[in-house]
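This report concerns only the one structure given below.
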Amino acid sequence: MKRANAKLSSVINLALQLAQQAQNQTSPNPAVGCVLVSADGVVIGQGQTQAVGSAHAEVMALRDAASRGHAVTGATAYVTLEPCSHQGRTGPCCDALIAAGIAKVVASIADPNPLVAGQGFERLRAAGIRVEVGPGADASRELNIGFFSRMQRQTPWVRMKMAASLDGTTALANGQSQWITSLEARTDGHAWRARASAVLTGIGTLLQDDPSLDVRLVETRRQPHRIIIDSQLQTPLAARIFKPEGQVWIYTASTDAAKTQALQSCGASIICLPGAGGKVDLAAVMRDLGQRQINELHVEAGFKLSGSLVREGLVDEFLLYLAPKLLGPGQGLLALAALQTLTEAVALEFISADRVGPDLRLVARMEGRGIF
């Protein structure tokens, strides 16, 4: 039994590794890995989900087995997510497994997509294929937490990235902020950008730093969408954010036709979602991004917008880089209201703490988030 469990764990871990390798290319689809094992316990094929519109993990694994000259009849498919049962940009994966003569499917977790949601398992069982669900479920869900969020909450998983000195300063009093953390930390931050579907900032950061918000310090097969919260359409037409490939979405409260047309001529999409006080309705932004198939939203904004997102309960996770420096008075992490008692504090849960070069990377999640 121990040997069997070890074998199962080994194969599922391989499938999860394949899924992780696909993580930066599959959005808005989930990242999935699949391993095919013959009846006598030999790995005969493996694959992972390709870029949107291309083959899913199961089909890639079947192709891999065929390219090696292996027959898959009677084999077991270990897959990190329930095989899809609907016709989307590609055909149903469960039909491909049935047609190939697979005898058993071991899946980590059910697909939260209402178009699947157990129907893939039902179709497999109806075809006489044994189905086992559960091994690697937590890891598979974490790899695709944005996909689960969008399917179950209709909004993206929102991760807020910040960089600060040990005493919590994100910029000097004169506005200087480049660079508080090391190149290693900035490179790591770009790796987190790369896994996101979109990167968001506010007009304040755009006017002060003129960021491009693209992925440059690590290799990526696709660039995330770039989003600006700009209540009054102050985005300069020559802003660097328009230079890289990919889409720019500007959320605004302004109906100024001339400004809208000028920014559209630069390639931006203008979405008017007015809220109270002439500001953008941030909750409506998140709902709109869910409809636009954004799984993970990576926020790199100033302390005012960051504070607003936290106050409205729209942030799920914090990605914080702390440099071993003391900078004294300056700009803080977040603009939050003063509390009267400690019981009013926003409760977080630390997920990880790691050294990145000379800096410290902390990942903290809003207490109770990740369960929806």
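The values are calculated or read from the model by the stated rules, or taken from the named source; none is laboratory data. Not measured: the values here are computed from a predicted model. Note that each Cβ is placed from the backbone with ideal geometry, even for glycine, and that neighbours are counted across all protein chains shown. We work out accessible area using only protein heavy atoms, side chains counted, and drop any ligands, DNA or RNA first. Shrake-Rupley method; radii C 1.70, N 1.55, O 1.52, S 1.80 Å.
Quick notes on this structure:
- Number of positions in the range 75-87 that are open to solvent by less than 30 Å² (accessible area, probe 1.4 Å) and more than 23 Å from the chain's Cα centre (by Cα): 4
- In summary, Asp95 fulfils each of the numbered conditions (1) modelled with pLDDT under 95; (2) open to solvent by less than 10 Å² (accessible area, probe 1.4 Å); (3) acidic (Asp, Glu) with the single exception of condition (2).
- All of (1) touching a His at 6+ places or on another chain (Cβ under 8 Å); (2) open to solvent by less than 10 Å² (accessible area, probe 1.4 Å); (3) farther than 14 Å from Ala31 by Cα hold for Thr90 with one exception: (2).
- Flag for Ser306 being among the hydroxyl-bearing types (Ser, Thr, Tyr) and touching a residue at least 60 places away in the same chain (Cβ under 8 Å): yes
- Among residues of the range 248-303 being among the small types (Gly, Ala, Ser) and on the phi > 0 side of the Ramachandran plot, the one that is surrounded by the fewest Cβ atoms within 10 Å (Cβ to Cβ) is Gly277.
- Condition broken by Ala65, with the remaining ones in (1) modelled with pLDDT of 95 or more; (2) among the small types (Gly, Ala, Ser); (3) outside any helix (DSSP H, G or I) satisfied: (3)
- Here Ile228, Ile241 are screened, and the one residue that is in contact with a Gly (Cβ under 8 Å, 6 or more places away or on another chain), without any contact (Cβ under 8 Å) to a residue 60 or more places away in the chain, open to solvent by less than 10 Å² (accessible area, probe 1.4 Å) and not in a loop (DSSP other than H, G, I, E, B) is Ile228.
- Condition met for Gly118 (at pLDDT below 95, open to solvent by 10 Å² or more (accessible area, probe 1.4 Å) and on the phi > 0 side of the Ramachandran plot): yes
- Looking only at residues of the range 253-294 that are in a loop (DSSP other than H, G, I, E, B) and over 30 Å from Gln331 (Cβ atoms), we find that the one that is nearest to the chain's Cα centre (by Cα) is Gln293.
- Considering (1) in contact with a Gly (Cβ under 6 Å, 6 or more places away or on another chain); (2) at pLDDT 95 or above; (3) of a type in the set (Gly, Ala, Ser), the lone condition that Ser85 does not fulfil carries the number (2).
- For Leu336, the stated conditions hold: it is touching a helix residue (DSSP H, G or I) at 6+ places or on another chain (Cβ under 7 Å) and free of Cβ contacts under 8 Å to residues at least 40 places away in the same chain.
- For the range 243-267, a residue qualifies if it is at pLDDT 95 or above and under 19 Å from Ala301 (Cα atoms), and the qualifying residues are Val248, Trp249, Ile250, Tyr251, Thr252, Ala253.
- Residue satisfying all of: in the range 197-212; in contact (Cβ under 8 Å) with a residue 60 or more places away in the chain and hydroxyl-bearing (Ser, Thr, Tyr); farthest from Gln234 (Cα to Cα) among these: Ser197
- Filtered by the rule that a residue be under 19 Å from Ala191 (Cα atoms), part of a loop (DSSP other than H, G, I, E, B), open to solvent by 30 Å² or more (accessible area, probe 1.4 Å) and of a type outside the set (Gly, Ala, Ser), the range 315-372 gives a lone residue, Pro358.
- Residue among Ser9, Ser54, Ser27 that is outside any strand (DSSP E or B), open to solvent by less than 30 Å² (accessible area, probe 1.4 Å) and modelled with pLDDT under 95: Ser27
- Taken across the range 216-225, residues that are assigned to a loop (DSSP other than H, G, I, E, B), in contact (Cβ under 8 Å) with a residue 60 or more places away in the chain and loosely packed, with under 15 Cβ neighbours inside 10 Å do occur, with at least one present.
- Restricting attention to the range 154-170 and to residues that are touching a Ser or Thr at 6+ places or on another chain (Cβ under 8 Å) and open to solvent by 10 Å² or more (accessible area, probe 1.4 Å), the residue that is farthest from Gly302 (Cα to Cα) turns out to be Thr155.
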